[in-house]
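Worksheet: one structure, shown below.
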Amino acid sequence: MLIEQLDALAKEEMAREEEYKIKLKRAREVLAALATSPEALNRAGESRTSWLVAEPLEELSRPHPLPARPAAWTVLAADGSQIYPDQHRQLFCYLLNIGLVVLPYGRQGEVVLASRPYLFYREEELYQQADGSLISPELIACRRAVMELEALAEAAARVPRPAVALVDGTLILWSLGAGSAEQQEWLQNYLAALAAAREVGLPLAGYISGSRATDVVNLLRLSLCAREEAVDCDRCAYPPGERPCLELAGLRDAGLWKSILSPGERSPVYRSQSRVLKQYGQHHVCFFYLRGPEEVARVEVPAWVATDKAMLDLVHSLVYDQAVRGQGYPVALAEAHEQAVVRAAERECFLQELDRLRAARGAGPGMTPKFARKRQGLL
Amino acid sequence: MSALGEVVASSTREFTAEARELYGSPAFGSFVRVTAGEQVIYGVVYNIVTEGVDAGRRPVAFGTPWPQVAQEHPQLTKLLRTYFSCLTLGFRQGERIYTYLPPFPPYIHSFIEECRREEIKELTARPHYLAHILKSGLVVADQLAAAAIRQACAVQPDAGEYIRRAGRELRRLLTGDLERLKAILRQLE
């Protein structure tokens, strides 16, 4: 029964691939046309839309070749993982494990592969000020992001230049946009950590593998909207099935650039229009797509890196070098992850130790009947 | 004398150490010492292993030879470790060296050092250690015996005479197994 369904799926995928190739070709044409028409580019850029639309900082369609890398350099990377609070395990605390990696190339230097756990259990760390509810995964992720940046800035003080620092994933804390006072506070902490990296002259980049972003494609799609005045998606004049922008629907930026860039090349730099970035100021997140040995990755950098040619070239050349050394994914990030990751067995060990400490002071095991039953079914 | 490694596994008849540096193990057949409380325990290195720190992660081929590969991938020096295992030969209590197993094995995390010349001299003065090695059941026992004799020769005043004595001891121990004896003696030429 499943085999037939899988067959059908394979056929469907084949059909989609054909359609995809046609869309890609069309997208490249639209990109080329838009690159030579500043007027159309402006109009597309001024659209009223809820989509994220890339704002090009460089000529729209031109690939940038791989810059020469320095003779000696250092790559830093940080990654974090966590154990979330879990009421079924009576776990009213959370753990952040921050992995830090420092790899010197072309010179002798200290190799660092390290991780450090931090446990948060105080009332003010665990409950949200506004309504007393348990801290949300978004806020935990934000604290983690701040701690990753702090670890990098601190380590950078002991590392010779040139150096670049990598984090896994986006620099855009989009979930904190129009948030509570607490979210605002964490956003400010994050920006302060970015400022600390800038202070020590450490170009920073977020590396996004398997990016599904469509900022550039969205710009192309808006330019297809054939009307004279600026586009307003809220009041789209076309019937839903006839919208010209559908021609490029389903494409992603990474796919588009993969069909254009050769290994080592990058796309132009764009400014992200994510709403939360209005508060980023000098750290406004910009991005480019980089053709690595395997995939096209999205690389995000703060504006102070994007607008500094030397820093941008350094990020471009060294991130590519890292992806080559790591056979497709930056070595430093892979190792930082290895350092940070809390595996299931380690999580269980942590919980058992907690249970042991509870038992020692006469408290019962920390689990709800639901969890206990899930762990061991009755037979 | 600086430590060559740190004990990470310990039992009555043998102990294993993590080398302080990657590929920094003492040579196969060399004599080492560990201080354990009142006693100093002596052993001979019989196995050297270099492997990934993480048991779940096997080293992969990079297509670049060592040490160049370590310059291109500096994390390797932290992700690989060298371990060496030592067969316990004897111990010192007070002034005397005893060439049989100590009452207790070394402590985990003790430091291992190279044996001092005088200690090797005393430990191997009489070739009793050869019986112990040959009866150890180790797959490499014969090769280990030869390697240990070569190390011992280096500190004995008359190396030729020492080899002849060790040869006689081997002949006694391997009576009826001429092929084995010849194989060991060939390693002493």
>> I need to check one value: relative contact order of the range A:9-131, counting alpha carbon pairs closer than 8 Å and at least 6 residues apart, in percent.
In response: 16
> Check residue B:39: other-chain or 5+ apart residues with amide H under 5 Å from its amide H, H built from backbone geometry?
Replying inline: none
> Label 7 Å along Cα→Cβ of residue A:371; the range A:141-155 residues with amide nitrogen under 20 Å?
Replying inline: A:141
>> I want to check the label-to-label distance for residue A:136 and residue B:114. Put each point 7 Å from Cα in the C-beta direction and report it in nm to one decimal.
In response: 6.4
> Taking the Cβ of residue A:211 as the center, what net charge do the other residues with Cβ under 15 Å away carry, scoring Lys and Arg +1 and Asp and Glu -1?
Replying inline: 0
> Size of the range A:1-117 along its principal axes in angstrom, Cα-based, largest extent first?
Replying inline: 57, 51, 35
>> Given R₀ = 41 Å, what would the calculated FRET efficiency be for residue B:66 paired with residue A:129, taking r from the Cβ atoms and rounding to 0.05?
In response: 0.15
> Expressed as a rounded percentage, what relative contact order does chain A have, with Cα pairs under 8 Å and six or more residues apart?
Replying inline: 24
> Any idea how far the Cα center of the range A:324-379 sits from the one of the range A:46-89, in Å?
Replying inline: 29
> Zone of residue B:177 (label point 7 Å along Cα→Cβ, backbone N under 19 Å): which residues in the range B:78-116?
Replying inline: B:87-88
> If the label point is 7 Å along Cα→Cβ of residue A:229, which residues in the range A:28-57 have backbone nitrogen under 16 Å from it?
Replying inline: A:43-44, A:46-49
> Using modelled amide H (1.01 Å from N, peptide plane; none on Pro or chain starts), what sits under 5 Å from the amide H of residue B:50, excluding residues fewer than 5 places away?
Replying inline: B:83
>> Taking θ = phi - 60°, what integer Hz values does the Karplus form 6.51 cos²θ - 1.76 cosθ + 1.60 yield along the range B:141-151, in sequence order, with x for Gly and Pro?
In response: 3, 5, 5, 5, 4, 5, 5, 5, 4, 4, 5
> Tell me, what ³J(HN,Hα) does each residue in the range A:126-138 have, in order and in whole Hz, if you take phi through Karplus 6.51 cos²θ - 1.76 cosθ + 1.60 with θ = phi - 60° and put x for Gly and Pro?
Replying inline: 9, 10, 7, 4, 4, 10, x, 6, 4, 4, 7, x, 5
> Residue by residue, what Karplus-based ³J(HN,Hα) values in Hz, rounded to whole numbers, does the range B:29-43 have, using 6.51, -1.76 and 1.60 with θ = phi - 60° and x for Gly and Pro?
Replying inline: x, 8, 8, 10, 9, 9, 8, 9, x, 6, 9, 10, 9, 10, x
> Quick one: what does P(r) look like for the protein assembly as shown with 10 Å bins over all Cα pairs, in whole %?
Replying inline: 3, 13, 17, 17, 17, 13, 9, 6, 3, 1, 0
> Among residues other than residue A:48 whose Cβ falls under 9 Å from its Cβ, what is the net charge (Lys/Arg +1, Asp/Glu -1)?
Replying inline: -2
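Rule-based calculations on the coordinates, nothing more; no lab input. What you see is a predicted model, and the numbers here were worked out from it, not measured in a lab. Every residue, glycine as well, gets a Cβ built from its backbone with ideal geometry; the counts of neighbours run over all protein chains shown.
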